[in-house]
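Trainee: Below is one structure. I have some questions about it.
The values are calculated or read from the model by the stated rules, or taken from the named source; none is laboratory data. Everything numeric here is computed off the predicted structure, so don't read it as measured data. Note that we place each Cβ from the backbone using ideal geometry, even for glycine, and neighbour counts take in every protein chain shown.
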Amino acid sequence: VEMLGYCTWSFTDLLSWLNGYQKRYGFVYVDRDENDEKELKRYKKDSFYWYKKTIEANGANLTEEQGK
């Protein structure tokens, strides 16, 4: 399949109205939960660096196996 683009769900973790912060979809972890703001520090996840490499390589680093 020819792919023209890729859209991420969210850059940072986001608050779900249904699940709070139980599921973390973003590339950047935010140190907080629905009950405590904590320090609100941000930490880059492994997926952040994977996506950065993918953008830099214009997708050339992707293989069919990664899509399965």
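Trainee: Is it true that THR54 is at negative phi, surrounded by 10 or more Cβ atoms within 10 Å (Cβ to Cβ), among the β-branched types (Val, Ile, Thr) and in a helix (DSSP H, G or I)?
Mentor: yes
Trainee: Show the residue pairs that are 6+ apart or on different chains and have beta-carbon atoms under 7 Å apart, the first residue being within segment 39-67 and more than 12 Å from TYR29 (Cβ to Cβ), the second being among the basic types (Lys, Arg) and at pLDDT 85 or above.
Mentor: Matching pairs, first to second residue: ASN61/LYS53.
Trainee: Would you confirm, using the coordinates I've provided, whether GLU2 is of a type outside the set (A, V, I, L, M), under 20 Å from LEU62 (Cβ atoms) and exposed (fewer than 10 other Cβ atoms within 10 Å of the Cβ)?
Mentor: Working: of a type outside the set (A, V, I, L, M): yes; under 20 Å from LEU62 (Cβ atoms): yes; exposed (fewer than 10 other Cβ atoms within 10 Å of the Cβ): yes.
Taking the combined requirement at face value, the residue satisfies it.
Trainee: Report the residue count in segment 5-35 for those that are surrounded by 11 or more Cβ atoms within 10 Å (Cβ to Cβ) and polar (S, T, N, Q).
Mentor: 3
Trainee: Still on this structure, I have one more. Considering only residues that are hydroxyl-bearing (Ser, Thr, Tyr) and at pLDDT below 85, which ones fall in segment 11-55?
Mentor: If the condition is that a residue be hydroxyl-bearing (Ser, Thr, Tyr) and at pLDDT below 85, then SER16, TYR21, TYR25 are the ones that fit.
Trainee: Please work out if LYS38 is in a loop (DSSP other than H, G, I, E, B), of a type in the set (Lys, Arg), in contact with a Lys or Arg (Cβ under 7 Å, 6 or more places away or on another chain) and exposed (fewer than 13 other Cβ atoms within 10 Å of the Cβ).
Mentor: Here the answer is yes, as LYS38 does meet what is asked.
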